[in-house]
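Trainee: The structure that follows is given in the form of structure tokens.
Bear in mind that the values in this text are calculations on the coordinates, not laboratory data. The model shown is predicted, which means the values in this text are computed figures rather than measured ones. We place every Cβ from the backbone using ideal geometry, glycine too, and count neighbours over all the protein chains shown.
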Amino acid sequence: MKVVCQFCRKAVAVKGEGAIYKQVVCWMQPGKTSGAKLVTDGAGWAHSVCIDAETIMRKKKPGQDESLF
């Protein structure tokens, strides 16, 4: 299966050893950061370094609202 990183748009080796993330959809109680229920596959893949960079960038932007789209 060929997939690309949702952030850098470069190829992701989904079967290889390496630091990658897979997007999932789940249900969580408001205000909680753990305890995901009914986890299902999403459509996205990303390199861990891209996830880390995006996390840092979002923390630097005050007042940014999270969105699914």
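Trainee: Go through region 29-51 and give me each residue that's surrounded by 13 or more Cβ atoms within 10 Å (Cβ to Cβ) and either over 17 Å from ARG9 (Cβ atoms) or of a type in the set (Gly, Ala, Ser) (or both).
Mentor: ALA36, GLY44, ALA46, listed by residue number.
Let's see how each residue does on (1) out of contact with any strand residue (DSSP E or B) (no Cβ under 7 Å at 6 or more places or on another chain); (2) of a type in the set (D, E, K, R); (3) assigned to a helix (DSSP H, G or I):
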{"site": "ARG9", "(1), (2), (3)": "yes, yes, no"}
{"site": "LYS15", "(1), (2), (3)": "yes, yes, no"}
{"site": "TYR21", "(1), (2), (3)": "no, no, no"}
{"site": "PRO30", "(1), (2), (3)": "yes, no, no"}
{"site": "GLY42", "(1), (2), (3)": "no, no, no"}
{"site": "ALA53", "(1), (2), (3)": "yes, no, yes"}
